[in-house]
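J.: I'd like to ask you about the structure that follows.
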Amino acid sequence: MAVRDGGKRTRFACLETARCMVAITVSAITVAVVVMVTIAALRPADSFSLSVVNGMDSSIPWLSKVNSSSSLDADAATNNTTMQRAAEKVNLTFALRAYNPSGRKDIRFSNFTVRVTDMPYFPSFAKMRDIAAFPVPAPFTLKRQGAHKLWSKFSLSDAGTLSYVAHTYGAQGTFKAMVLVNASIGSGSGSGTPASNNVTVTYYCWPVLVGWTAFADSPDGGVTCTPRKELSVDVDSLLPRSAPAPAAVYSRR
């Protein structure tokens, strides 16, 4: 239908409105695509998985035997008594497996810190107690659709912690713990490409067996870790407030 506009006849005035609507729609789609691409570019990496394998195995008992002798007088026979006390040092093995399912990007890991917390009332989070915390200075690049195993040994020598474990779980006891893994990650598009968009992530792994039988009793597939954003419970609010005892890493690969 024709209409007059300032003395001029214009056919199908609705076409002008349609063109305007199409232009607005195209602009909106363009903006949405740009936003999606920007978000994808800013993400440090696609999803990846972490798991603790073989628990935290110890080759040294929590309690050590000590022989003590006493003599009542010079002519009396010496009495030998075997006593047990908390070990002065216990070495534990820690292995973390990372997997990157992405086919687009490599992931650069650095600045690892690990925190081990006893869960005496597992599966409850009640009355958790810190056992140790240690850094793992072993950065690595997780290739796209690849896996990497981070292995280290650490030495625990805090007297209070060793006494607690020894008297709570016995000489060769194994207990369930939560392992918190903090790491700085960044993404790269290929080999040799510097990591970009570094962020810090926290993963929670439980129940991880710690102690004498940890290696033998741990599940074959390891313990899968959960990222903070996927937790259904505010675990951070239930963790001990005191700083965990530091442990020394003496071997890694």
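J.: Return the pairs, sorted by first residue and then second, in which the second residue is part of a strand (DSSP E or B) and modelled with pLDDT under 80, the first residue lies in segment 55-69 and is farther than 17 Å from residue 161 by Cα, the beta carbons are less than 7 Å apart, and the residues are 6+ apart or on different chains.
T.: Listed by first residue and then by second, the contacts come to 65/82; 66/83; 67/80; 67/82; 68/81; 68/83; 69/79; 69/80.
J.: Now, a different point. Among the residues of segment 149-158, is there at least one that is under 16 Å from the mean Cα position of the chain (by Cα) and surrounded by fewer than 20 Cβ atoms within 10 Å (Cβ to Cβ)?
T.: yes
J.: Here is a further query. Only one residue in 109, 140 is buried (at least 17 other Cβ atoms within 10 Å of the Cβ), in the same structural domain as residue 50 (by TED's automatic domain parsing) and either in contact with a Phe, Trp or Tyr (Cβ under 6 Å, 6 or more places away or on another chain) or not charged (D, E, K, R) (or both). Which one?
T.: Numbers: 140 fails: buried (at least 17 other Cβ atoms within 10 Å of the Cβ).
Criteria check complete, one pass: 109.
J.: Can you find even one residue in segment 81-98 that is modelled with pLDDT under 95, at positive phi and surrounded by 10 or more Cβ atoms within 10 Å (Cβ to Cβ)?
T.: No, segment 81-98 has no match at all.
J.: Related question: Mind listing whichever residues of segment 209-248 are surrounded by fewer than 18 Cβ atoms within 10 Å (Cβ to Cβ) and small (Gly, Ala, Ser)?
T.: 216, 221, 232, 237, 242, 243, 248
J.: Output yes when any residue across segment 127-137 is at pLDDT below 95, farther than 23 Å from residue 243 by Cβ, buried (at least 20 other Cβ atoms within 10 Å of the Cβ) and not aromatic (Phe, Trp, Tyr), and no when none is.
T.: Within segment 127-137 (the criterion being at pLDDT below 95, farther than 23 Å from residue 243 by Cβ, buried (at least 20 other Cβ atoms within 10 Å of the Cβ) and not aromatic (Phe, Trp, Tyr)), the answer is no, since none of the residues qualifies.
The values are calculated or read from the model by the stated rules, or taken from the named source; none is laboratory data. The structure presented is a predicted model; accordingly, all values stated were derived computationally and were not measured. Neighbour counts run over all protein chains shown; Cβ positions are idealised from the backbone, glycine included.
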